[in-house]
Amino acid sequence: MRRAFVVTSTVLLVVFALQFVFAAVGAFTRPAGEDAYALHSITGMAVIPALTLLTTLCAVLAKAPGRLVVLTVLPLGLTVLQALLAGLADAFTDASGGSTTLGLIVGGVHAVNGIIAVHVVVAVVRGAGRWAQPAAADAPARSAEPV
Ligand code: HEM
Ligand code: HEM
């Protein structure tokens, strides 16, 4: 199960990185329409939450240290926050449907929170890698600490 934890967390990191690409796909699609962000939307609302849960399941089954298991749940919370921020950014428009400063700030926070989330996943991948090392099996307490 330790290998499975490494594999699922690595796949999650790759999908997170792709999510930035899909955001760019949305931004550069012409003409800019409702469905420009379809890939970003599906990945953020379905693929990332499912893969995050799978990673947490693997962490639990691999008997990873509690702190590492909690770390695997964090990207799910941050992704839910992403959906809220995206909704808020959309909601803060003026009477004619144009963007407002507040809406753009919330949208900017969505981008920054995305960068934070991807680095939480980097930490998960590193933790999974350490946990999969043979030494971790012999010294569970010490292996949980940063090298
Ligand atoms: C303002 C933007 C960003 C800043 C300031 C930043 C900063 C950093 C820093 C300081 C590290 C090293 C962490 C460590 O060694 O413990 C790192 C690692 C990493 N970042 Fe970023 N990052 C940014 C954007 C991104 C984005 C957009 C992505 C992917 C979509 C990304 C993916 C990664 C990955 C995969 C690593 C791990 C690399 C490794 O294994 O050494 N970063 N980042
Ligand atoms: C890993 C990082 C990210 C995650 C997990 C993420 C996740 C999400 C989620 C869950 C939604 C809501 C989708 C929906 O309501 O259908 C969303 C929407 C959106 N995201 Fe991100 N996002 C990330 C990074 C970014 C970045 C870097 C940008 C670029 C600025 C961006 C731009 C947008 C936009 C414009 C929307 C609204 C799309 C629409 O109106 O359909 N996202 N994102």
Next item on the list: Whole number in Å², please: accessible area per residue of segment 2-137, 1.4 Å probe, ligands, DNA and RNA not counted.
Entry: 56 Å²
Next item on the list: Would you give the gap between the C-alpha center of segment 76-95 and the C-alpha center of segment 1-42, rounded to a whole Å?
Entry: 17 Å
Checklist line | For the chain, calculated [θ]222 nm from helices alone, where every DSSP H run of n ≥ 4 adds -39500 (n - 2.57) | finding: -25500 deg cm²/dmol
Notebook entry, point to check: Cα axis of helix 101-132 to longest principal axis of the chain: angle in degrees, 0 to 90, nearest 10?
Noted result: 20 degrees
Check: Taking the mean number of other Cβ atoms within 10 Å as a proxy for protection, how do you rank 31-43, 80-92 from highest to lowest?
Finding: 80-92, 31-43
Notebook entry, point to check: Remind me, relative contact order of segment 2-137 in percent, using alpha carbon pairs under 8 angstrom and six or more residues apart?
Noted result: 31 percent
Checklist line | Burial ranking of peptide ranges 71-79, 127-135, 17-25, 94-102 (average Cβ count within 10 Å, highest at the top) | finding: 71-79, 127-135, 17-25, 94-102
Next item on the list: Roll a 1.4 angstrom probe over the protein heavy atoms and tell me the percent of accessible area of the chain that is carbon or sulfur.
Entry: 72 percent
Checklist line | Nearest-ten-degree value, helix 66-91 long axis tilted from longest Cα axis of the chain | finding: 0 degrees
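The values are calculated or read from the model by the stated rules, or taken from the named source; none is laboratory data. This is a predicted model, so every value here is computed, not measured. Because the Cβ atoms are built from the backbone with ideal geometry, glycine has one as well, and the counts that use them run over all protein chains shown. We work out accessible area using only protein heavy atoms, side chains counted, and drop any ligands, DNA or RNA first. Shrake-Rupley method; radii C 1.70, N 1.55, O 1.52, S 1.80 Å.
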